[in-house]
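The values are calculated or read from the model by the stated rules, or taken from the named source; none is laboratory data. What you see is a predicted model, and the numbers here were worked out from it, not measured in a lab. Cβ atoms come from the backbone with ideal geometry, glycine included; neighbour counts cover every protein chain shown.
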């Protein structure tokens, strides 16, 4: 009896060690299983995301290409005659309107937003920087329909009063609304890019006797060039694809803009105004899908450009 108790007391430490090892092994096994499940979940999510994107491109592109069964490429891309009731599907006027609106929007928004970013990052005192950044963040989150409503009820009557035009809607009103919409995006991204420029470069420039303006022009802006360009491209992409705000202030008339105050139409506004009442299996609907496909391709090109200039900017630094 005494011998068996001695044997059990001798064996108990080894049993304790075995139990501890078993717990460690079970814990390691759970960690391995959870890591693999998380890995597979991430891979599945990435696969589904890519599959969704490819499916959208395929569906929109496949439907849009059906346009050219009855409409020639030259007619669709170079004709300005859009009368679907008479089987005239010239999308050139919408393409020209889209390009004109985007360029005019950038012409208004780009210098203001970059100047605002320079002021926030380089000139404004600390208490004002935080307030301005908060305001810009809030402007980014405002729905586009709100901007469009303000443009319709405030901006267009103001344009009529100032210019004496009978119709205040057109490219100018749309460009001003879009400029206000994309200004926070460009300004915040440019602000972050300017802030990320090393302070050593600034101090070295000041040590050489440079003024603040010279430092900004020679050091801060060149150092933040990649981020600023990225912000401008993202702002351009938003202006290009914006719909509701543009629909409310552009006039939605299928004609080339004779001036900044002529009601006109762009790709997005034409799609949203007509797609709801068009039969799916019709050339009219296929032409609208082709316009959507053009917008999709241009947006993808913008993303590719951003991804391409990112590594270039890092290498240049």
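Check the stretch 107-121 and report whether any residue there is in contact (Cβ under 8 Å) with a residue 60 or more places away in the chain and touching a strand residue (DSSP E or B) at 6+ places or on another chain (Cβ under 9 Å). No, every residue in the stretch 107-121 fails to be in contact (Cβ under 8 Å) with a residue 60 or more places away in the chain and touching a strand residue (DSSP E or B) at 6+ places or on another chain (Cβ under 9 Å).
Given the options 214, 165, name the one that is touching a residue at least 24 places away in the same chain (Cβ under 8 Å) and surrounded by fewer than 20 Cβ atoms within 10 Å (Cβ to Cβ).
Details: 214 fails: touching a residue at least 24 places away in the same chain (Cβ under 8 Å).
Of the residues listed, the single one that is touching a residue at least 24 places away in the same chain (Cβ under 8 Å) and surrounded by fewer than 20 Cβ atoms within 10 Å (Cβ to Cβ) is 165.
Of the helices (runs of 4 or more DSSP H) lying entirely inside the stretch 200-317, those containing at least 3 residues that are modelled with pLDDT of 85 or more, touching a strand residue (DSSP E or B) at 6+ places or on another chain (Cβ under 8 Å) and closer than 26 Å to residue 99 by Cα span 283-316.
Could you tell me whether residue 80 is at pLDDT below 90, surrounded by 13 or more Cβ atoms within 10 Å (Cβ to Cβ) and either more than 28 Å from the chain's Cα centre (by Cα) or not assigned by TED's automatic domain parsing to the domain that holds residue 171 (or both)? The answer is yes for residue 80.
Out of curiosity, is residue 148 touching a residue at least 24 places away in the same chain (Cβ under 8 Å) and closer than 19 Å to residue 177 by Cα?
Numbers: touching a residue at least 24 places away in the same chain (Cβ under 8 Å): yes; closer than 19 Å to residue 177 by Cα: yes.
Considered against the rule, which asks whether it is touching a residue at least 24 places away in the same chain (Cβ under 8 Å) and closer than 19 Å to residue 177 by Cα, residue 148 comes out as yes.
Restricting 23, 39, 81 to residues that are closer than 30 Å to residue 262 by Cα and out of contact with any helix residue (DSSP H, G or I) (no Cβ under 6 Å at 6 or more places or on another chain) narrows the list to 81.
So which residues in the stretch 87-102 are buried (at least 18 other Cβ atoms within 10 Å of the Cβ) and either within 25 Å of the chain's Cα centre (by Cα) or in contact (Cβ under 8 Å) with a residue 24 or more places away in the chain (or both), if there are any at all?
Taking the stretch 87-102 as the starting set, the residues that turn out to be buried (at least 18 other Cβ atoms within 10 Å of the Cβ) are 89-91, 93-95, 97-98, 100-102.
The answer is 89, 91, 93, 94, 95, 97, 98, 100, 101, 102.
For the stretch 163-171, the condition holds for at least one residue, the condition being that it is at pLDDT 90 or above and in a helix (DSSP H, G or I).
Within the stretch 285-303, can one find any residue that is farther than 23 Å from residue 68 by Cβ and in the same structural domain as residue 172 (by TED's automatic domain parsing)? Give the derivation first.
Narrowing the stretch 285-303 to residues farther than 23 Å from residue 68 by Cβ: 302-303.
Checking which are in the same structural domain as residue 172 (by TED's automatic domain parsing) leaves us with 302-303.
Yes, the stretch 285-303 contains at least one residue that is farther than 23 Å from residue 68 by Cβ and in the same structural domain as residue 172 (by TED's automatic domain parsing).
Exactly one residue among 139, 107, 158 is within 22 Å of residue 230 (Cβ to Cβ), assigned to a helix (DSSP H, G or I) and either out of contact with any helix residue (DSSP H, G or I) (no Cβ under 7 Å at 6 or more places or on another chain) or not assigned by TED's automatic domain parsing to the domain that holds residue 279 (or both), and that residue is 107.
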